[in-house]
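Values quoted throughout were computed directly from the atomic coordinates according to the rules given, and no laboratory measurement underlies them. For clarity, every value in this text was computed on a predicted model and none was experimentally measured. Backbone-built Cβ (ideal geometry, glycine too); neighbour counts: all protein chains shown.
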Amino acid sequence: MAFLDHVLQPPAYGWQDTQGELVRPNVRTILKEFFGRLNVWRDRKNWLAFVSWVKVFCLIPFFLLFVFQFFSWWTLLAAFVYGMIIMGTHGTVWHHRYCTHGAYRFSNGFWRFVTRQLTLNIIPEEIYVISHHVHHAKSDQPGDPYNAEGGFWYCFLADVNHQPIAKDLSEDDYKRVTRLMAHTGVKGNTYRQYQHWGSFARPLATIATWVLNWAFWYAIFYLAGGHALACSLFAAAGVWAVGVRTFNYDGHGHGKDIQREGIDYNRADRSVNQLWPGLVAGEWHNNHHLYPKSARSGFKFYQLDMAWIYIRLLHRVGAVSHYRDDKQNFINKYLTP
Ligand SMILES: [Zn+2]
Ligand SMILES: [Zn+2]
């Protein structure tokens, strides 16, 4: 069996039935799986997904303070810019284009560190990266961890139900996981430690990184605009952390064929270019499925790509040594008569 067929922990309901058709669990089944796989008392190997949702819950008090205590036009504007544009673009720059696709390389570990820590630490790299390789290998097929045909909840809770790595990988397969994560700079478990924790990420390092990252950013935001700004931006990060989970369902047309002539050139899967995720985060998802290793996904004049602007900027100042840009390939293949 190929590595990407079994690197993820399959849900109890399985990826496909005996006919090879996608299993579409109902919401009840999905929720049962979700809470079962968050239960760290039943299995400590669930810890990473658990910590990831604890972070989201920790942001709720900030959200309440933002709404009931600090709400004003300027905090709303700050929250919008931070939660939509900065968090969104950072997800594209870091988790998506760098950690998963290796679309560009940093000149040194310092700039990689800076880029990693540039926003509030929320999504664990390992959960995003490994499953996203599977998503590209099996887009809209059974086994795709956020197969839009599975429905909204299938995608929304995928980070717990479908994206964590399997807990019973062989030593060779775990080495392959390690290789997929090596360039991210996230220090990983040895195979022995993996057998104990069920993850690549190390619990202590993961929690320390989270706490230090949040403390640093709270202090910076507080110095810039007091508790009002700090709470508003933390609230915005929480809204982003929930909202981003809807992207995979939307980005693949809710499981329906809604690709448009002259906009979506890749017809191998159901990915679509959508204006909003494109403009705020550079996620021109149909373009991205055409050229996944490109550090730029906005190819047409109106396809603003702020993640690309950031990568170019780092290249200008020498922080990025190399990047791949497929814009010309796209133009030659799809726009030149
Ligand atoms: Zn996709
Ligand atoms: Zn991708």
- Query: Is it true that some residue in segment 239-258 is within 16 Å of ligand 1 (Cβ to nearest atom), assigned to a loop (DSSP other than H, G, I, E, B), in contact with a strand residue (DSSP E or B) (Cβ under 7 Å, 6 or more places away or on another chain) and free of Cβ contacts under 8 Å to residues at least 60 places away in the same chain?
  - Reply: no
- Message: Restricting to segment 1-42, count the residues that are under 24 Å from Ser170 (Cα atoms), hydrophobic (A, V, I, L, M, F, W, C) and outside any helix (DSSP H, G or I).
- Response: 7
- Test Leu4 against the stated conditions and say whether it is under 25 Å from Ser139 (Cα atoms), in contact with a His (Cβ under 9 Å, 6 or more places away or on another chain) and surrounded by fewer than 19 Cβ atoms within 10 Å (Cβ to Cβ). yes
- Message: Just the residues that are touching a residue at least 60 places away in the same chain (Cβ under 8 Å), within 13 Å of ligand 2 (Cβ to nearest atom) and in a helix (DSSP H, G or I), please, taken from segment 264-287.
- Response: Pro277, Ala281
- Please list, ordered by first then second residue, the pairs with beta carbon atoms under 8 Å, 6 or more apart or interchain, first in segment 14-40 and in contact (Cβ under 8 Å) with a residue 12 or more places away in the chain and farther than 16 Å from Ala166 by Cα, second surrounded by 13 or more Cβ atoms within 10 Å (Cβ to Cβ) and hydroxyl-bearing (Ser, Thr, Tyr). Val23/Tyr13; Arg24/Tyr154; Pro25/Tyr13; Pro25/Tyr154; Thr29/Tyr13; Ile30/Tyr154
- Task: Could you tell me whether any residue of segment 150-170 is farther than 25 Å from His315 by Cα, away from ligand 1 (no atom under 16 Å from the Cβ) and among the hydroxyl-bearing types (Ser, Thr, Tyr)?
- Result: yes
- helices (runs of 4 or more DSSP H) within segment 51-109 that include 3 or more residues surrounded by fewer than 14 Cβ atoms within 10 Å (Cβ to Cβ): 60-68, 73-80
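For every residue, the table says whether it meets (1) farther than 26 Å from Phe113 by Cα; (2) surrounded by fewer than 17 Cβ atoms within 10 Å (Cβ to Cβ).
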| residue | (1), (2) |
| --- | --- |
| Tyr265 | yes, no |
| Val280 | no, no |
| Tyr302 | yes, yes |
| Ile311 | no, no |
| Ala319 | no, no |
| His322 | no, yes |
- Query: Which members of segment 288-327 meet the condition of being within 15 Å of ligand 1 (Cβ to nearest atom), assigned to a helix (DSSP H, G or I) and farther than 22 Å from Trp240 by Cβ?
  - Reply: His289, Leu290
- Restricting the first residue to segment 104-123 and requiring it to be among the β-branched types (Val, Ile, Thr), which pairs with a second residue that is part of a loop (DSSP other than H, G, I, E, B) meet a Cβ separation below 8 Å and a spacing of at least six or different chains? Val114/Ala319
